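So the structure is just underneath, and the comments pick up after that.
The values are calculated or read from the model by the stated rules, or taken from the named source; none is laboratory data. Note that the structure is a prediction, hence the values are computed from the model and not measured. Please note: Cβ atoms are built from the backbone with ideal geometry, for glycine as well, and neighbour counts cover all protein chains shown. To get the accessible areas, we keep the full protein, side chains included, count just its heavy atoms, and leave off ligands, DNA and RNA. Shrake-Rupley method; radii C 1.70, N 1.55, O 1.52, S 1.80 Å.
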Amino acid sequence: MAGVADAAASAAAPGSGGEGRRGGIPEQQDSGRGEPKTLWGSSDLRPPAAGPGQPSSQQRTETLGFYESDRGRKKKRSLSDLSLLRFISAELTRGYFLEHNEAKYTERRERVYTCMRIPKELEKLMFFGIFLCLDAFLYIFTLLPLRVFLAMFRFITLPCYGLRDRRLLQPAQVCDILKGVILVICYFMMHYVDYSMMYHLIRGQSVIKLYIIYNMLEVADRLFSSFGQDILDALYWTATEPKERKRAHIGVIPHFLMAVMYVFLHAILVMVQATTLNVAFNSHNKSLLTIMMSNNFVEIKGSVFKKFEKNNLFQMSNSDIKERFTNYVLLLIVCLRNMEQFSWNPDHFWVLFPDVCMVVASEIAVDIVKHAFITKFNDITADVYSEYRASLAFDLVSSRQKNAYTDYSDSVSRRMGFIPLPLAVLLIRVITSSIKVQGVLAYICVVLFYCGLISFKVLNSIVLLGKSCQYVKEAKMEEKLLNPIVTATPGKPAGKQQSMFKSTQGRSTDENGSPSVTSQPVHQKENTPSLLVTSNSDQFLTTPDGEEKDISQDSSELKHRSSKKDLLEIDRFTICGNRID
């Protein structure tokens, strides 16, 4: 018995060869498949041997939550361990840790927060932009007639004061007179368009045909707006540019006729839009109105699943502001025409009111959904709408400076694609045909209404100017107002001017180090070279010292130069490259 006990003790002691192991290293059983017999290649890295009756830890590999033991243990395991209950219990008790991918889930949470912030930030921008459009629209009715009167008074009384300057009128006064004359001529031309005949002609068409017509009118309105402002700008510059010969003034006539035809045709286009909307309101089953409202949701499909950058979203925001304001004016025209047909019965207004609210609500809902998903898919933060609002405010503040190069209404037209002249012509035509002024009391009411309209316009301008200064200050854009950058015309030798522009570049940088991209031109002498505002926030379009390049070479270089435009250089119809990668 003692000898048996000694043999058992010697077999259990580590380092002994009682179990057929060399130096305490476990050997793996050869399974006949060419597998190595040893699991450890160095004696220094040997793990402690397992106790008697315990499987080695190196022989238990984890597979799908279960451990594989040696072949002897597999044979002894019962079939109950592979039951369905064990699989279900593993699925119920299985766990995971989200902090292992913290960055991914944090990004997803920020996207949710951004989508929740979009309605508030978007409506702030829309509210500010709509009042900017309203200010430019009220300018046509309130201050423009007074400015035309003052310009005509100066022109008539000019011989009494003598010719102190070569110009008979200031450039701004010439533009005001042209706007007033175009407005009057187009108003009288609109009298030859029968609104009632147009209404019954559109009413006789089928619903599907009217739906197609309305979509075509929306596309035509955008095309007219993109080309119309260029026509008006060409007229203003042709009428005000310095001319050496008197014969050169004849070139204003074709530009003026082209501008009159544009405003007249655009006013007719808007009238057809208003008439189609009026037919939709007066239809019995409201099917046309429902189809026209569903057209807004089709816009989501065409916009959401595209790649958008910061500049593209700015263009879309400007387009939405212009579209929403135009719809408000069209709804006003529809209400005026319907109230006239029912002898201004207030009960009929409450019949139209639900449909008006439904159209406005659908427009707001579509804009919110569209912008929320565009910012989500393109990783754009909600703070970008504050930058858009600051850019619109910068236009208002810069137009109030002494050295401003454009009127504020024209800058709104270029930025948003909103041209107030055709819409103003149509509204004046509808108001004069719907409201009959008879008697002295009626004229007194018209004068009081005009005075109230001027007061509202002035109050609106003061509030907008104060808010704009606040937004510009918050965006830290004062440097772009105080230190404008002006560059020489591309294709011309810079000479000594380039050193002046380089020194200006050093002074006119904002706190982020990026140079300013907007400038306000000053009055130039006739012998000075032409200057223009740079359209690139990274590089100047000037030729190097000692090199003279022609215009064709410079234009080819500008085409191949990859530059990112600043928001202040993006208007409604700037091509920003909106392609899907």
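Observations on the structure shown:
- Hey, Val360 in a helix (DSSP H, G or I), of a type in the set (A, V, I, L, M, F, W, C) and buried (at least 21 other Cβ atoms within 10 Å of the Cβ) or not: no
- Taking the stretch 369-393 as the range and being open to solvent by 40 Å² or more (accessible area, probe 1.4 Å) and part of a helix (DSSP H, G or I) as the test, the residues that pass are Val369, Phe373, Lys376, Phe377, Ser386, Glu387.
- Matching residues, the stretch 415-444, being under 25 Å from the mean Cα position of the chain (by Cα) and in a helix (DSSP H, G or I): Arg415, Met416, Pro420, Leu421, Pro422, Leu423
- Checked against (1) exposed (fewer than 13 other Cβ atoms within 10 Å of the Cβ); (2) touching a residue at least 12 places away in the same chain (Cβ under 8 Å), Ile253 passes all but a single condition, namely (2).
- For the stretch 397-414, the tally of residues that are aliphatic (A, V, I, L, M) and in a loop (DSSP other than H, G, I, E, B) stands at 1.
- Conditions (1) without any contact (Cβ under 8 Å) to a residue 24 or more places away in the chain; (2) surrounded by 15 or more Cβ atoms within 10 Å (Cβ to Cβ); (3) small (Gly, Ala, Ser); number of the one not met by Ser294: (2)
- Of all residues in the stretch 130-146, those satisfying the criterion of being farther than 16 Å from Ile462 by Cα and hydrophobic (A, V, I, L, M, F, W, C) are Ile140, Phe141, Leu144, Leu146.
- Residue check, Gly129 among the small types (Gly, Ala, Ser), under 30 Å from the mean Cα position of the chain (by Cα) and open to solvent by less than 80 Å² (accessible area, probe 1.4 Å): yes
- Residue, least open to solvent (accessible area, probe 1.4 Å), within the stretch 325-347, restricted to residues that are more than 27 Å from Ala267 (Cβ to Cβ) and part of a helix (DSSP H, G or I): Pro346
- Where Lys376 falls short, out of the listed (1) over 24 Å from Phe137 (Cα atoms); (2) among the basic types (Lys, Arg); (3) more than 28 Å from the chain's Cα centre (by Cα): (3)
- Residue among Leu459, Leu421, Leu426 that is out of contact with any Phe, Trp or Tyr (no Cβ under 8 Å at 6 or more places or on another chain) and either among the polar types (S, T, N, Q) or free of Cβ contacts under 8 Å to residues at least 60 places away in the same chain (or both): Leu459
- The selection criterion, being touching a strand residue (DSSP E or B) at 6+ places or on another chain (Cβ under 8 Å) and farther than 24 Å from Met190 by Cβ, does not hold for Glu474.
- In the set (1) within 30 Å of the chain's Cα centre (by Cα); (2) modelled with pLDDT under 90, Ser283 fails one condition alone, (1).
- Filter result for the condition that a residue is in contact (Cβ under 8 Å) with a residue 12 or more places away in the chain, open to solvent by 10 Å² or more (accessible area, probe 1.4 Å) and either under 28 Å from Phe137 (Cβ atoms) or aromatic (Phe, Trp, Tyr) (or both), over Lys286, Lys306, Lys322: Lys322
- Yes/no for Asp355 being open to solvent by less than 40 Å² (accessible area, probe 1.4 Å), in contact with a Lys or Arg (Cβ under 8 Å, 6 or more places away or on another chain) and at pLDDT 90 or above: no
- Here Leu396 meets the list (1) under 30 Å from Thr114 (Cβ atoms); (2) open to solvent by 30 Å² or more (accessible area, probe 1.4 Å) almost entirely, failing just condition (2).
- Check on Leu330, hydrophobic (A, V, I, L, M, F, W, C), on the phi < 0 side of the Ramachandran plot and touching a Leu at 6+ places or on another chain (Cβ under 6 Å): yes
- Comparison of Val272, Val260 shows that the only residue that is open to solvent by 20 Å² or more (accessible area, probe 1.4 Å) and aliphatic (A, V, I, L, M) is Val272.
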